[in-house]
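Read-outs: derived from the displayed coordinates by stated rules, not from any lab. In this text the structure is predicted, and so the values were computed from the model without any measurement. Please note: Cβ atoms are built from the backbone with ideal geometry, for glycine as well, and neighbour counts cover all protein chains shown.
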């Protein structure tokens, strides 16, 4: 079983829809949680970063972390065609040596249809 | 500020050959990590270098190696290429002192092994 599980999709939604992307994890040492966005033929770019349970909002994006359930989510409101990309969750712990290593989910491919 | 630069962007090799990929981190970033991305396995950690020293290594065979130079530029080498080594190889750099794992990725080197 992988440390981080993510539904690979693909996920296709109409423009303006609310999108929910999710990851579960098994390693309770994970303290930092990130969402990366990767456009086709590009490297991943950091979208959201959180380190505590609860919600963090940035414009149309909301990252949610539930450490008790080992579950994180990314919500996209009023989705746009420009949001079409692969979304990767990533996590790291503060343990010495592993703090510098991210564990990624497999990525969810999202298409927002105009 | 220039981002992470990777060369070459695309290359084709045949089985048994070796390949060297290059990465220039963001100016001032001293940590460089390498990841392999494939459709089946997602992003997998290869190794991380800091101040010319390898700090972390993922679960890859010894055919995969790397190094870092005094100017923080890094190279990774794959010897005796196998078909399964076909992948997007991503380099990422990190701010000095960062413990969270936030990475800045390059656009990758896409390797095809025939």
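Given a Förster distance of 25 angstrom, what is the FRET efficiency for residue B:54 paired with residue A:29, based on the Cβ-Cβ distance and rounded to 0.05?
0.65
Can you give the FRET efficiency to the nearest 0.05 for residue A:46 and residue B:17, using r as the Cβ-Cβ distance and R₀ = 35 Å? Please report the intermediate quantities before stating the final value.
Working: r = 34 Å, r/R0 = 0.98.
The formula returns an efficiency of 0.55 here.
Please rank B:98, B:85, fewest neighbouring Cβ atoms within 10 Å first, as an exposure proxy.
If I rank by nearby Cβ atoms, fewest first, I get B:98, B:85.
For a quick check, take a GNM of chain A with Cα springs below 10 Å and name the residue from A:88, A:47, A:74 with the largest mean-square fluctuation.
A:47
Running a GNM on chain B with Cα contacts under 10 Å, which residue among B:65, B:93, B:74 ends up with the highest mean-square fluctuation?
B:65
Tell me, what is the FRET efficiency for residue A:78 and residue B:114 to the nearest 0.05, using R0 = 45 angstrom and their Cβ-Cβ distance as r? Kindly include the intermediate steps, with their values, before the conclusion.
Numbers: r = 45 Å, r/R0 = 0.99.
About 0.50, to the nearest 0.05.
Could you check which residue among A:16, A:54, A:43 shows the biggest mean-square fluctuation in a GNM of chain A with a 10 Å Cα cutoff?
Of A:16, A:54, A:43, the most mobile in the Gaussian network model is A:43.
Classify segment A:31-114: rounded, prolate or oblate, from the alpha-carbon gyration tensor (a ≥ b ≥ c, eigenvalue square roots; a/c under 1.5 rounded; otherwise prolate if a/b is larger than b/c)? Walk me through the numbers before you get to the answer.
Numbers: a/c = 2.45, a/b = 1.47, b/c = 1.67.
Oblate.
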